[in-house]
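The values are calculated or read from the model by the stated rules, or taken from the named source; none is laboratory data. The model shown is predicted, which means the values in this text are computed figures rather than measured ones. Glycine gets a Cβ as well: all are built from the backbone with ideal geometry, and neighbour counts include every protein chain shown.
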Amino acid sequence: MTDANPTNVRYSVLAWACSLSMLTYIDRVCIKNVGGDMQTDLGIDKTDFGWVFSSFGLAYALFEVPSGWLGDRFGPRQVLCRIVLWWSFFTALTGCIWKFSYDLGYTIPMPYPLSEWFNSIPLIVNSLLLLVTVRFLFGAGEAGAYPNAARALRNWFPYERRGLAQGLLWTFGRWGGAIAPPLIVLAAWPWGWRGAFIIFGIAGALWVIFFNMYFHNTPAEHPDVNAAELGYIQEKGDEEERLPMSWRTAFASPTLWFLCGMYFFSNAGWCFFITWDVEYYDKILHLGPTALLIASGSPLFFGGIACLAGGFVTDRQVQVWGPRWGRTFQGFVAYFLGGAFFVLALWVDVPFLAVACLCAASFCKDFAMAVSWSTCIDIGHRYSGTIAGFMNGVGNMGTFVAPPIVAHLAKSGQWDLALVFSASMFFAACVCWLFINPRHVIVYAPEEYEKLRAQGVLE
């Protein structure tokens, strides 16, 4: 005999995923607010510090697919515990870097035509190299957090509620980034920026202990899930669980490549808000200390609201228009408006209105976050962790490429071009949405796909 009313354990699982998302962004974003102090203490200039941001983006991109695949293979619980422990260790290690420079006494000769500019490169180990290495390893550890969270939510939420679940996940991530500035200021007040990083690392390790005690990969594994909730969550069948992923089919899908291109352009434009926006508010808008602290977290705060609202809307849109335009039209409009507000920020002379325009750009862009990740689940199905990892991996190459470009423009005083660059990235993402079709699962061979359709497992 089964219970008449389903339990609601899935919402507790969602709460754990949201706390993970918040912790992720707190640790990721906090460096931008103490970047000036770090540059001074470690003797690193602005352009070189751009590579500190980029090293995270590169590692994050490279390790997304392997981490997403591990979640599909072994379950998100084990992988997420490893991820958080790893990144927490390197968050704490960031606070242990000291100022030094040591010449190893060797040089690397340069081939022609590079030798026309410099004959050789001296091998030097210094604070910059160590910081870049630590942040690279931090990015490698954090990679896979969102693909595995997406995989977990795919296990715990039925199709018609996944947009809302993804929206909440990203809302708390953005809000984590929004509260990171005051948190790191508070933590750095008694112990400096070094102590703040160590505190955040310890907090992550403590989170893992409680997460591992409660979280389960699937509803069937959780002792508190009753039969009614299990029936509500489960897909129409489990025949697909035994099927291998067809990379040939996936790579042949234009949807996958346009989705990845969209996310590359998206991250290249959006990473302004987690790297150089504080510098812009300070040097160009001339905001005071209090206004600067508020402004540095505002785009992510409003982006968090947009993530939640976008999750509600995309679930409703899919019911009305179907998965094709229920997802893609929202993405198209969101990125177009995001780029438009970036441009508008250049035309206003009042600092408060410029910040408001940038907040609006962040809001509009994040209105499509639930759409992006729900699309990964739609087209990836059983292998949604791998597909999400692939999208996020390619996308975060934008996070690797963009910070040095913005740093170069900022160092030469061309902040207007930095905002134009971000706007153009959003417009490119907008175009990509026109070629994305979330209607078809892309990870199975054609004959297996048709078999699952005939059995009613897939639409």
Only one of (1) of a type outside the set (A, V, I, L, M, F, W, C); (2) within 21 Å of Ala428 (Cα to Cα); (3) touching a Pro at 6+ places or on another chain (Cβ under 6 Å) fails for Glu229. Which number is that?
(2)
Scan the range 277-301 and report the pairs whose first residue is over 14 Å from Asp349 (Cα atoms) and whose second residue is of a type in the set (Val, Ile, Thr) and in a helix (DSSP H, G or I), with Cβ atoms within less than 7 Å and a gap of 6+ or a chain change.
Leu292/Val278; Leu293/Val185; Ala295/Val355; Ser296/Val278; Gly297/Ile179; Ser298/Val355
Taking the criterion of being among the hydroxyl-bearing types (Ser, Thr, Tyr), buried (at least 21 other Cβ atoms within 10 Å of the Cβ) and under 20 Å from Ala418 (Cβ atoms), would at least one residue in the range 304-318 satisfy it?
no
What number of residues within the range 413-428 satisfy the criterion of being crowded, with 24+ Cβ neighbours inside 10 Å and either of a type outside the set (A, V, I, L, M, F, W, C) or assigned to a loop (DSSP other than H, G, I, E, B) (or both)?
1
So how many residues does the range 319-350 have that are more than 21 Å from the chain's Cα centre (by Cα) and surrounded by 16 or more Cβ atoms within 10 Å (Cβ to Cβ)?
9
Search result, residues across the range 16-58 that are of a type in the set (A, V, I, L, M, F, W, C), under 18 Å from the mean Cα position of the chain (by Cα) and modelled with pLDDT of 90 or more
Trp16, Ala17, Cys18, Leu20, Met22, Leu23
Quick check: anything in the range 98-114 surrounded by 12 or more Cβ atoms within 10 Å (Cβ to Cβ), at pLDDT 80 or above and part of a helix (DSSP H, G or I)?
no
On the basis of being part of a helix (DSSP H, G or I) and modelled with pLDDT under 85, does Ala410 make the cut?
yes
Matching entry among Val394, Val431 (being surrounded by fewer than 23 Cβ atoms within 10 Å (Cβ to Cβ), closer than 16 Å to Trp257 by Cα, within 14 Å of the chain's Cα centre (by Cα) and not charged (D, E, K, R)):
Val394
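Quick one: which helices (runs of 4 or more DSSP H) lie wholly within the range 24-85 and hold at least 2 residues that are among the aromatic types (Phe, Trp, Tyr) and surrounded by 21 or more Cβ atoms within 10 Å (Cβ to Cβ)? Steps first, answer last, please.
On the way: elements: 35-42, 46-62, 64-74.
Here the list reads 46-62.
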Out of (1) modelled with pLDDT of 85 or more; (2) in a strand (DSSP E or B), what's the single condition that is false for Leu129?
(2)
If you check Ala354, Ala360, Ala388, which single one turns out to be modelled with pLDDT of 90 or more, touching a Phe, Trp or Tyr at 6+ places or on another chain (Cβ under 7 Å) and among the small types (Gly, Ala, Ser)?
Ala360
Ser374 passes all but one of the listed conditions (1) in contact with a helix residue (DSSP H, G or I) (Cβ under 6 Å, 6 or more places away or on another chain); (2) crowded, with 24+ Cβ neighbours inside 10 Å; (3) of a type outside the set (A, V, I, L, M); (4) at pLDDT 90 or above; the exception is number (4)
If Asn267 satisfies all but one of (1) more than 17 Å from the chain's Cα centre (by Cα); (2) part of a helix (DSSP H, G or I), what's the number of the condition it fails?
(1)
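Only one residue in Arg194, Arg174, Arg162 is over 23 Å from Gln330 (Cβ atoms), among the basic types (Lys, Arg), out of contact with any strand residue (DSSP E or B) (no Cβ under 9 Å at 6 or more places or on another chain) and part of a helix (DSSP H, G or I). Which one? First the steps, then the outcome.
Working: Arg174 fails: over 23 Å from Gln330 (Cβ atoms); Arg162 fails: over 23 Å from Gln330 (Cβ atoms).
Unique residue meeting the criteria: Arg194.
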